[in-house]
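The values are calculated or read from the model by the stated rules, or taken from the named source; none is laboratory data. None of these values were measured; they are calculated from a predicted model. Cβ coordinates were reconstructed from backbone atoms using ideal geometry, including for glycine residues, and neighbour counts include every protein chain displayed.
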Amino acid sequence: MKKCLVTGGCGFIGSHLARRLVSEGWAVDVVDNMSNGYLENLDGLKIRVLPNAYFLPDFDNAMSQKPGDHQVLVISDDFSHPQILKRVREKHYDVVFHQAAIPRVLYSVENPSATTDVNISGTIRLMEACRESVGRFIFASSSSVYGGADTLPTTEQTPRNPKSPYAWQKSAIEDAARIFSDLYNMDIVCLRYFNVYGPGQRGDSPYSTAVSAWCNAIKTGQKMRSDGDGTQTRDLCYIDNTVEANILAANASGKFKGEPYNIACGDRTSNREILDYFEEKFPDCEVRNAPWRAGDVMHTQADVSAAKERFGYDPKVRFWEGLDRTVEWWNL
């Protein structure tokens with residue numbers, strides 16, 4: 001049985017990934033400090049929860065207990081806590097899926113130091129712990145590293161131009177991935193996510209994507225917030241596609257050397273088009289216009305041919321089908 005650690009495994013992407021891994025027979029450990037994750041995201045799975053390591057004197061013994069009948073071990077703490085790093089060094093995971101971060105552009109603009117401590121320093125400590133003991137390290141990067149490329153669709157060779165602390169933090173870890181791979185012979189791959197959405201994503205959080213936020217607004221009788229004039233476009237990627245990319249990367253043959261791969265659909269859709277969809281489907285919904293957000297880019301669209309060639313990534317769920325599925329899940 002393959003063993004893995006999913007950081008941020010109670011969050012939106014991480015929990016979907018954990019479920020898929022369980023269904024495929026992996027032994028799954030999750031670490032999540034619950035700042036943006038929820039145990040309810042793992043409802044239906046047999047889980048065992050270890051509380052915060054700072055307040056459990058016998059944490060080390062608890063970590064070493066036999067698994068029992070749980071499918072997922074959930075460790076409720078920061079992924080860079082010394083006890084977590086100790087487990088990483090001793091557990092010999094086949095794969096670490098590093099999904100955890102303090103996400104979203106706006107928060108990083110307002111809190112650059114705090115987000116750097118987690119997204120860069122914490123990740124480097126985790127990568128160090130993986131040097132001798134982990135088979136493969138999969139890093140969840142972001143399309144924000146491109147900073148609004150002039151040429152679309154964007155390939156991995158497009159120069160990076162991060163325009164926010166969050167984007168710079170992701171870009172910096174991509175550099176670290178290459179360096180760690182070269183210096184320490186680590187097997188590391190970076191997956192550049194493009195605007196992931198789908199069932200299970202909360203709509204009442206500062207971290208919500210527009211799709212989830214608008215679904216939540218309709219559900220709760222609020223106005224849908226539209227930033228700018230709605231002409232900005234995004235390559236929106238349904239959650240199942242993103243999870244599939246992680247599984248394919250985990251099982252890929254050969255060794256990765258820290259290289260990045262775009263994970264998206266290869267299309268782009270404007271906010272205005274999506275708002276039109278909601279206004280047609282729900283005639284009573286209303287839109288509230290808001291200013292452009294600092295640090296956001298105007299357009300994203302990925303070329304995903306490199307991921308397809310390297311490990312067979314082929315997004316099966318296109319945007320409008322994924323949007324229908326998401327709206328159905330919200331039961332609007």
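What do you reckon, is VAL211 in contact with a Gly (Cβ under 9 Å, 6 or more places away or on another chain), assigned to a helix (DSSP H, G or I), within 27 Å of SER305 (Cβ to Cβ) and touching a residue at least 12 places away in the same chain (Cβ under 8 Å)? Yes.
Tallying residues that are of a type in the set (Ser, Thr, Tyr), buried (at least 17 other Cβ atoms within 10 Å of the Cβ) and out of contact with any strand residue (DSSP E or B) (no Cβ under 9 Å at 6 or more places or on another chain) within region 122-135 yields 0. If you filter region 136-194 down to residues that are out of contact with any strand residue (DSSP E or B) (no Cβ under 9 Å at 6 or more places or on another chain) and of a type in the set (Phe, Trp, Tyr), you find that the one that is surrounded by the fewest Cβ atoms within 10 Å (Cβ to Cβ) is TYR184.
Annotation: of all residues in region 299-329 being farther than 30 Å from ILE188 by Cα and aliphatic (A, V, I, L, M), the one that is nearest to the chain's Cα centre (by Cα) is LEU323.
Within region 264-292, residues that are on the phi > 0 side of the Ramachandran plot and buried (at least 16 other Cβ atoms within 10 Å of the Cβ) reach partners that are small (Gly, Ala, Ser) and part of a strand (DSSP E or B) with beta carbons closer than 7 Å, at six or more positions or on different chains, in the pairs GLY266/ALA302. For HIS81, the test of being on the phi > 0 side of the Ramachandran plot and out of contact with any strand residue (DSSP E or B) (no Cβ under 6 Å at 6 or more places or on another chain) is failed. Filtered by the rule that a residue be closer than 10 Å to ASP29 by Cβ and at pLDDT below 90, region 88-104 gives a lone residue, LYS91.
The residue list GLY9, GLY25 contains one member that is at positive phi, at pLDDT 90 or above and not in a strand (DSSP E or B), which is GLY25.
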